Every structure is written in structure tokens, then in C-alpha cells.
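The values are calculated or read from the model by the stated rules, or taken from the named source; none is laboratory data. On a predicted model such as this, the values are computed, not experimentally measured, just so you know. When we count neighbours, we look across all protein chains shown, and the Cβ atoms used for this are built from the backbone with ideal geometry, even at glycine.
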Amino acid sequence: MFGKNEYYKSYDLKYKNNPESFSNEITPFIEKYIRNKDDVILDLGCGEGRDAINLLNKGYNVYACDVSKEAIKICNDKTGNKYKNRFFRLDLIKDKLIYKYDFIYSVSVLDIFITNKHRDRFYNFIYDHLKDNGYALITVSGDGKSNESSESTGKIVNWKGIRKELKKNNLEMIKGYISHKVPGIDNSMCLIIKKTGDEVFISEKEAYKELNKGINKAEKILNDEDKMEDFLQRLEHKLQVVPVVGDILSYIPVLISLVKSYAKKEYRKIPLGSILAIISALLYWLLPVDVILDAIPGIGYIDDAAVVAACINLVENDVEEYDKWRKENNKKREE
């Protein structure tokens with residue numbers, strides 16, 4: 001029915017045979033990453049409209065496309081053609097649009113592309129249709145460690161492979177984490193990406209505001225051994241699956257070490273306010289691995305580097321003193 005290079009079109013049969021295969025649980029997840037309702041948004045691979053319809057009903061400026069004619073028909077049938085001009089058929093492997101978007105999201109679409117040529121085309125499409133200051137949310141199946149591929153299950157690529165694919169296509173990941181919130185998928189790798197070279201930062205004032213928000217939770221962790229143990233375990237897990245990059249985030253390992261030493265009562269020569277600020281910054285860095293944030297009004301609010309930088313500005317001397325103590329202690333142990 002389809003040519004050997006058009007296997008991805010088999011989803012037309014899926015929608016004919018099982019049109020109600022998904023719930024709307026994912027929509028709030030996407031919604032948290034949209035800056036405002038004036039943004040021009042593209043749902044790339046909309047399927048039966050699960051997310052696009054919910055967002056359109058809430059007043060978002062969404063356009064949605066899919067390679068499946070049957071899927072687009074279902075979208076229009078569901079809405080009584082209310083949003084007929086918002087849904088359209090598109091084969092991203094072959095087609096191009098004349099528009100660019102502030103935000104593109106694509107849920108469990110990249111998985112279906114098995115060949116490198118098709119995967120590159122997926123990334124090229126996002127690059128070509130994303131505004132220079134825009135960003136995209138992509139979810140793909142995977143635990144961040146495994147690699148596997150088959151026409152029945154699609155292609156799963158680990159974090160290293162994803163980063164390599166992005167770099168090849170002039171894109172970069174500014175956030176990557178594992179979610180268990182995508183319906184029907186045990187592990188979903190979630191990527192926030194932008195064009196290479198684009199800068200997306202929150203202001204210094206906003207960074208301090210975000211840092212201050214976590215102080216109360218930091219106090220609770222500091223005063224509860226079980227919570228502290230769980231917190232440290234999750235930090236170590238994230239270090240393993242999402243390596244830190246950049247001058248600011250390179251502080252993360254020593255910050256984690258400092259909190260460990262404080263919790264073990266090995267090192268206490270640091271003001272309470274400083275240790276709370278460090279825990280708050282680490283909470284901000286950690287949070288997306290485990291939960292969907294309660295409120296993220298824009299992509300800037302998930303800029304870890306800005307919040308960690310705000311913390312370092314406050315506690316740099318304390319961190320330097322600890323690092324000096326740590327190195328001296330390690331040297332003594334070696335002797």
C-alpha cells in the first residue's frame with residue numbers, strides 16, 4: 001500500500017481502526033510551555049486532535065497538521081468543522097510551509113521515523129518553521145539510555161544520540177528530562193529545543209524570584225532526613241542521565257557535594273541562608289525530571305543556568321571555602 005520509504009503513512013490505517021486511542025491528559029503538559037495566547041503555535045503530528053482541539057477551545061492560536069487524511073477528517077468531525085481552517089494535511093518529509101511559528105510541539109512523532117534521512121527531515125522541518133526566538137517541545141519514547149529500532153515500535157535513541165542529531169541539524173537542547181506523564185508511554189524523553197545560537201534567558205530579577213520561591217521547600221528538606229535522602233538520590237540520578245554543561249551549571253556537582261556534606265554533618269561552616277539557597281537552586285534544576293511544573297508562564301522560567309547563577313552570586317565565597325575544605329580532606333584521605 002505504501003512505498004518502502006513511506007512506512008510512516010501507515011498511521012492513516014490506525015486512525016480509521018481506532019480513532020479514540022488517546023486521552024486529553026497530555027494537553028496541560030503542553031500548555032505549561034506556551035508563553036502566551038498570542039503565540040502562533042503548530043501541533044506537528046496532531047493525530048485525532050487530542051491536544052490541538054483542547055488548546056483551541058481555550059483560545060490558543062493553534063494550527064495542527066498530520067500526514068493522515070483520516071486523522072484530519074476526525075479532527076474536523078469532532079469539532080463540527082468549527083476549526084476547519086486550523087487543521088490541514090501535511091507530509092513533513094516532503095512538504096514545506098510559508099509560515100514560521102513561535103512554538104512547535106510534537107508528541108510521540110519523532111519515534112515513528114526510523115531512517116536517518118527521515119529523522120533529519122523532521123529536525124529540518126522544525127528548524128525551517130521555527131522563528132529565530134521560538135522554541136519547540138518534543139517528546140519521544142525512551143529512558144535516555146537505550147537505543148533500539150524496528151518498524152513496529154519505531155526508533156528509540158538515547159540522550160547522546162539525540163544531542164548528536166540536534167547538533168547535526170543546527171538545533172540544541174536547553175532542557176531534557178524523563179517524564180512518566182505521557183499517556184500510554186512508560187518513559188518519555190522530553191526535549192525543549194531551540195535554534196543553535198539563540199539565547200533564551202530570564203532576567204536576573206526573575207532568577208532571584210524563582211530562587212526565593214524554593215526556600216520554604218528547601219527548609220522542609222533540610223529538616224527531614226528522609227526527604228533529604230530522597231532529594232540527594234534524585235540529584236545523583238539526574239547527574240547520570242542529563243550531564244551538566246556550561247560554566248554555570250558546572251557548579252552543580254560541587255553544590256550537590258556540599259549539601260551531602262552538610263546533611264552528614266561533615267561540614268557546617270556555612271550560613272543557614274546559603275545552604276537553603278543552594279538547595280533551592282538544586283530543586284529548580286531537579287524538578288522537571290520528576291514532575292510537571294505547577295506554573296511555567298514561559299520558556300525563560302525553566303532556564304536552570306540563570307537560577308543557578310543567581311544562587312552562585314549569593315554563595316560563591318561559601319562554595320569556594322567548602323571546595324577548598326573538600327580538596328584538603330580528600331588529600332588527607334589519600335595520604
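Structure values in brief
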item: Qualifying residue in the stretch 167-189 (condition: over 22 Å from Ser106 (Cβ atoms), at pLDDT 85 or above and outside any helix (DSSP H, G or I)); result: no
item: Count - residues of the stretch 56-97 that are under 17 Å from Leu130 (Cα atoms) and either of a type in the set (A, V, I, L, M) or touching an Asp or Glu at 6+ places or on another chain (Cβ under 8 Å) (or both); result: 10
item: Matching entry among Ile72, Ile114, Ile156, Ile138 (being over 26 Å from Met173 (Cβ atoms) and hydrophobic (A, V, I, L, M, F, W, C)); result: Ile72
item: Those residues of the stretch 68-103 which are among the β-branched types (Val, Ile, Thr) and surrounded by fewer than 23 Cβ atoms within 10 Å (Cβ to Cβ), in sequence order; result: Ile74, Thr79, Ile93, Ile98
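Listed here are the residues, each with its yes/no results for (1) under 27 Å from Lys164 (Cβ atoms); (2) assigned by TED's automatic domain parsing to the domain that holds Leu171; (3) within 19 Å of the chain's Cα centre (by Cα).
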{"site": "Leu42", "(1), (2), (3)": "yes, yes, yes"}
{"site": "Gly59", "(1), (2), (3)": "no, yes, no"}
{"site": "Lys73", "(1), (2), (3)": "no, yes, no"}
{"site": "Asp77", "(1), (2), (3)": "no, yes, no"}
{"site": "Ser106", "(1), (2), (3)": "yes, yes, yes"}
{"site": "Arg121", "(1), (2), (3)": "yes, yes, no"}
{"site": "Asp128", "(1), (2), (3)": "yes, yes, no"}
